[in-house]
Every structure is written in structure tokens, then in C-alpha cells.
Amino acid sequence: MFEARLTQGKVFKQLIEALKDLVQEANIDCTDDEMSIQAMDNSHVALVAVCLRSGGFDHFRCDRPISLGFNATNMGKILKCAGNDDIITLKAEDEGDSLALVFESPSQDRIADFELKLMDIDSEQLGIPDTEYKCTIQMPSGEFQRIIRDMQVLGDTLAISCTKEGVKFHVEGDLGVGNVLIRQNNTAEKEEDRVLIEMEEPVELTFALRYLNFFTKATSLGPTVILSMSPDVPVVVEYPIGETGHIKYYLAPKIDEDED
Amino acid sequence: MGIKGLAKLLSDEAPDCIREVPLSSLHGRKIAVDASMAIYQFLIAVRSGGPNAAAMMLTNADGDTTSHIQGIFNRTIRFITEGIRPVYVFDGKPPQFKSGELLKRREKRLKAEEALKAAAESGDIEEQDKQSKRLVRAGTKENEDCKRLLSLMGIPVINAPCEAEAQAAALARSGKVYATATEDMDALTFRTPIQVRKMTFANASKSDIQQINYDKALLGLGVSHDQFVDLCILLGCDYCETIRGIGPKTALRLIKEHGNIETILKHINREKYVVPESYEPMEAREREKAENRKKKEEEQDTDDEEEEGGSRKGDDTEEKEEDEELIPVYIEARRLFNSHEVLPDSAIDLKWKECQPEPLKTFLVDEMGFNPERVASSIEKLQKAFKATSKPQARMDSFFAVKSNPELDAKRAAKRKAEAEAAKSSKKGAGKKGGTGGGFNKKR
């Protein structure tokens, strides 16, 4: 038996919104101390990893580890029926084939419950090691979203380079060239407006903008985003969700043929 | 032609090794495509003419067939658009050993030719269509056309010294490419780590392909590689006959029980199963000799005519010449599967180049009689797709290893099997309607 009650139902709603364009199907894996999702897009270029720790829920019970396979679009449709202030409760039987979702309005005068049919999902899980990255950039998530949106106008491939000067986003396309430079700024009044750059050595990587655009769907989940980069490995785009968890996106870089 | 019944045996006994995946999951992969198989498919499938007229192959003004050009051109563009890098492998000379099989195919052609004539006389269009498909042959000209087309498109082409599947499998094994794309199941016998099937994209929206994993196949069948090769020989390969009476299920059971063909031959019931002479050439010859001797004795008793005696003398000398050791066919076949003649890795340089739009246009429009506008738009598509993938996208699994989850795998395999059985029984209930629709797999 699995049961989880989230006062801030909005978080779950936004989480599903944040991955439903990238992946069609995924498993929610529940253990007694966390709820997690790991899934890749069809072409195995990007990966999304969600983690919500049990401490972030008002009530969390998971008798034995359970995997709930769901269709992201359909889950999104059901969550559309939940208000932003609603309390969301998820329930599933150990051998059941559906997930129950209960939406309670804050004043407790409206209770809606839905059942989503679950499915067996044939997906490979990747083991992601904890790595130290050469560059870590923390910046306001809204700013990152804007850069991605602006750059997409010009082309489909984005080069991100992190140097002493700051972080440079560079795009080239048929109609021209675009650059955005973001400098370190640790004096902003609000903590979330600061730009913090930690760099061991300069890194430059190239990515498909299409995927980065999918990632910015998570902007509403938190005020900051953390980019972690090392040469020739996937970039990590992490949105911390309060104190309770995170959604991390991994994107494989584009490589130069000669190195291949 | 592949291995008879292996696809079905795998889906029954090792369902875990077969996966249906969307084409886009091959994004960024290099794939070795069995060109001869592809050309063949196109020659059969790409035809004009409705249900009321016998379907005709596409031809240019000179009457040369262009079906294969059309097919290869479009499919390659599709590959590039999906970020897949194809390399086409062409058949070289057939192994000497295959001559028996080839002879059989020639006989079939002759038969089909006669049937076609008969159908044309009686005006049976459906039959005509069917027989003319059987007559399709991918000759040297078709191969050369395609090679020219591919090199103009900037796609690498490899001429295998022998069988294309073997060469493609060798490429995949050495890691030069990710998988072998062919319908022929013997790619697995040649130990390609991954085989991709059903790359036909007949329907653009539903482009699921079938991916077969060699290691998982062995695991699922519970046999070693050598046993797998023997199993394939028993199922029926291109290189030798099979033991009559042994079907896929029996073959697998026997291999598991006895380990190899030699031991099986020692143990099986000769009454029930007919072992072909070529499996035991030494014994067969002994028997023949004995019979001959017997005959001779008899003939001598009855005192034959001069002429026949003369021809018998000829037989005798031949017999003496043949007295060297004869090798059973299955050992030859085994050798072909395990050490097939392939190009060494160092001789292979896979380079994808930009296409040459002008010569390509000349070739397709002027020589092959294609529609200029269509060719132009296709070339543009190809150039765009090539540019987009010129900096290849790396894949997630090249950085992070797949976590194995045996418990889950087993659960899924069991489930899939149950589903397959359920589907089978429901099909039977429906009276087996349209079960043998036109798929490529059955054509050859």
C-alpha cells in the first residue's frame, strides 16, 4: 500500500507539467523515504530525474517499494482538474493497476477523486553516479528561461561556455548570430536573484536548444536553476523544489565528429 | 534467406531479447544496412499500378527499373533526418557452399516464369502479380546503380568479400557500427550484438522497429554461441539441408540435451528423423560402395553387355579419386558462420560526407527520369538534415550505464509471453483471417 498526501498539491501538478513534453511514459518509484521518477526521451538524448523526499509530504506511507507506470499526458489531463491550492493525495494498492488521486480544496468543501490506469513500462533505468562538475552556475530560473526562449529564435544549437568573464550563451543560425553574457552577481538583494558561478576550469559545450526549451517548463517549480557542466559529459539542469526535493534534467552534448 | 523459424522461436522462447522501439530511439547511431536485402525489398514492393492492372515496376524512359533507386533514396533521407548514420553493405561472391541453395532458387525462378506465362494467357492478374514478384532479381546493374546513388549522397558503401550479413555483423561486433539492419535472421548467427528489423517505414506515423539483442537471445534460449550456431543449422540455413522431422522446438530441445549436432546424430531415432546423406558423407559413401559392389557381383553373375561395363569402369575411377576425407555439410556451415570472410577493420573507413547536389540531380533526373521538382526538394531535405546532424548528438547511455533489474525483466518477459499466447488463441478463434498479410519477411 502506498499513500502520500501533499498539502502543496501544486508542486505535483507542476512536476508532471514539467516532464510531460519530454517523456511520454514514466515510472513513479516509491520507497519508504522518497518518491522518484527517472525517464528518458524517445531518442535517449535527455533524461529527467525527479526526487521528492518523504519529509516534504504531510503524510507518507509506502509499505514496500512500488513502481507506478503512467502515461504523462493522461496524468496531466487528470491533474488539470486539480486547483492550484488543492491538497493532493496519491494512493495505490501493492498489486493494483490504477493510481487514485484525491483533490481536496483548502476549505475542505470540495473533494474530487480520480483513478488513473497504470501501465507496465519497459524502460531502462540508468545508474547516475555522483560527480563533481568543473563549473556550477546558479541563476534565477526566469532569466534562464528567457535566454533559452530568445536564443531559439536564431537557431537550434546553443553553445554554453563558462569562463572567468561569466557564462556566455551563443547561437548561430540562418538569420544571424546571438550572444548573451551573464556575469557573476552576488550582491543582489534577494538571494534568488543572485548569479553565482563556481569554476575550476573553463568549459564549453554545445546542445540542442529543443531539449533545453523542454527543461524550462520546470521554471515555475522554483526561483533558481543550477547548471553543472564538465567537458564532454551531459549538462545537469537542476531546479530545487523548496527543501523537499528537486527535478534534474540531463542533456547529452553534441560532439565533434573528429573526436569520435 | 536467413534462418527458418528463428524469429518465431526467439519470440516464443526468449521474448526478452526482442524489443519494439520507435525509430527515433536509434538517434545518433551508426547502422550497417544489408543493401542487397533492401534493394530486393524495394524491387518487390515499390511498384505502380492499381488492383485492376498487373503492377509494374517503376521504370525510366529507357525501360530500366528504378524502384530500388527510389526506395534507397527516400529511405536514406529518412535515416539521416532521424539522425541515424547508415552504411550500406553489399554482397560479394556467394560462398561456394551456398551453391546448393542458389540452385534451388534458380529452379524456383524457372517454375515461376512458367506460372507467369500461364497466368498471362489465362488473364489471371492476381496470379500474374504474384509470380512476377517471384521473378524479381537484384542483379549487378541494380547494385551498381545503388552504389553510385549512395556515393553521390555521401553515404559510405562497403563491398563485402562474401556475404553482406557477415560483414555487417563484423562491423557491429568491432563497434564500428551499433547494429546490423536486415530481415535475415542469420545476422544473429554471425554474432551481431544487435539486429534491427522491420525498417520499412511503410507508415510514417507508426515507425516502430524491432530490435533483437544477441546476448539476451542466447540467455533466453539457454545455449552457448556454438550451440546457437548448431541450432540455426538444424532450423535451416542457406548453407545446408536439415534433418527432416526436426522442427524448431525439437531442435532446441535436442541441442540443449546433447550439446551439438554430432552427439545428436548419435542419439536420435533414425526411423523418425531422416538424416540427409550430406550430414554423413563418409558413411553414405561406404553404403554406396557396398551397394555398388553388390550390384557388380550380381551383374557379373548375369554377364552384362559390353557398353554398360565400360561406363561402370568410369564410375570406379571416380570413386577412387573421391577417396579423400569428406567433411559433413554441417561442419562446413558451422565454419562459414564462425569464420566468414570479411574485410579487416583497418580496411574500413566510415565517413559521411555532404551530398553532391548537381551530380545527384543529373543522375536522378536525366538518367533515371525522376521528377525534377521532387528530386530538388528531396536533396534540400537531405542537405538540411545532414547539416542538422553534422555535429552528432551524443546519447545518454554512452555516459551512464544501464542499471540491470533482473527481477523486473523476468516479470516483463513472463507477461509478454502470456500476452502473446492470449493473442494467439484469440486469433485462432477469429478463424485466422488475414494472418499472412504482405510482410517483407515472408517474401523471400
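The values are calculated or read from the model by the stated rules, or taken from the named source; none is laboratory data. Predicted model, so just to flag it, every value in this text is computed and none were measured. Note: ideal-geometry Cβ built from the backbone for every residue, glycine included; neighbour counts use all protein chains shown.
Brief remarks on what is shown
- Here is the figure for region B:139-184: residues that are within 17 Å of B:Gln41 (Cβ to Cβ), of a type in the set (S, T, N, Q) and crowded, with 24+ Cβ neighbours inside 10 Å total 2.
- Output for region B:2-19, where each listed residue is within 14 Å of chain A (Cβ to nearest Cβ) and either among the basic types (Lys, Arg) or free of Cβ contacts under 8 Å to residues at least 24 places away in the same chain (or both): B:Arg19
- Among the numbered conditions (1) in contact with a helix residue (DSSP H, G or I) (Cβ under 7 Å, 6 or more places away or on another chain); (2) crowded, with 18+ Cβ neighbours inside 10 Å, the only one that A:Met35 does not meet is (1).
- First in region B:261-274 and within 13 Å of B:Thr250 (Cβ to Cβ), second anywhere and among the polar types (S, T, N, Q) and modelled with pLDDT of 80 or more, Cβ under 9 Å, 6 or more apart: B:Tyr273/B:Thr250
- Looking only at residues in region A:178-225 that are more than 22 Å from A:Lys134 (Cα to Cα) and among the basic types (Lys, Arg), the one that is farthest from the chain's Cα centre (by Cα) is A:Lys190.
- Against the list (1) within 20 Å of A:Thr244 (Cα to Cα); (2) part of a loop (DSSP other than H, G, I, E, B); (3) within 14 Å of chain B (Cβ to nearest Cβ), the condition A:Leu22 fails is (1).
- Selection count, region A:38-79, where residues are within 14 Å of chain B (Cβ to nearest Cβ), of a type in the set (D, E, K, R) and over 15 Å from the mean Cα position of the chain (by Cα): 1
- The condition (being of a type in the set (A, V, I, L, M), under 20 Å from A:Ser67 (Cβ atoms) and not assigned by TED's automatic domain parsing to the domain that holds A:Gly242) is satisfied by just one residue among A:Ala18, A:Ala26, A:Ala46: A:Ala26.
- Selection status of A:Ala4, in contact with a His (Cβ under 9 Å, 6 or more places away or on another chain), surrounded by fewer than 23 Cβ atoms within 10 Å (Cβ to Cβ), in contact (Cβ under 8 Å) with a residue 60 or more places away in the chain and under 27 Å from B:Leu23 (Cβ atoms): no
- Residue check for A:Ile137: away from chain B (no Cβ under 14 Å), surrounded by 15 or more Cβ atoms within 10 Å (Cβ to Cβ), within 23 Å of the chain's Cα centre (by Cα) and free of Cβ contacts under 8 Å to residues at least 40 places away in the same chain: no
- Enumeration of residues in region A:110-134 that are more than 14 Å from chain B (Cβ to nearest Cβ) and small (Gly, Ala, Ser): A:Ala112
- Residue satisfying all of: in region A:177-229; in a loop (DSSP other than H, G, I, E, B) and touching an Asp or Glu at 6+ places or on another chain (Cβ under 8 Å); surrounded by the fewest Cβ atoms within 10 Å (Cβ to Cβ) among these: A:Arg183
- Of all residues making up region A:93-111, the number that are closer than 27 Å to A:Pro65 by Cα and assigned to a strand (DSSP E or B): 7
- Any hit, region B:388-396, residues being in a helix (DSSP H, G or I), modelled with pLDDT of 60 or more and within 13 Å of another protein chain (Cβ to nearest Cβ): yes
- Residues that are under 17 Å from B:Gly220 (Cα atoms), more than 25 Å from the chain's Cα centre (by Cα) and surrounded by 14 or more Cβ atoms within 10 Å (Cβ to Cβ), drawn from region B:255-278: B:Gly259
- Some residue of region B:187-198 being without any contact (Cβ under 8 Å) to a residue 40 or more places away in the chain, within 30 Å of B:Arg75 (Cβ to Cβ), among the aliphatic types (A, V, I, L, M) and in contact with a strand residue (DSSP E or B) (Cβ under 8 Å, 6 or more places away or on another chain): yes
- Scanning region A:238-257 for residues that are within 14 Å of chain B (Cβ to nearest Cβ), among the hydrophobic types (A, V, I, L, M, F, W, C) and crowded, with 21+ Cβ neighbours inside 10 Å turns up A:Leu251, A:Ala252.
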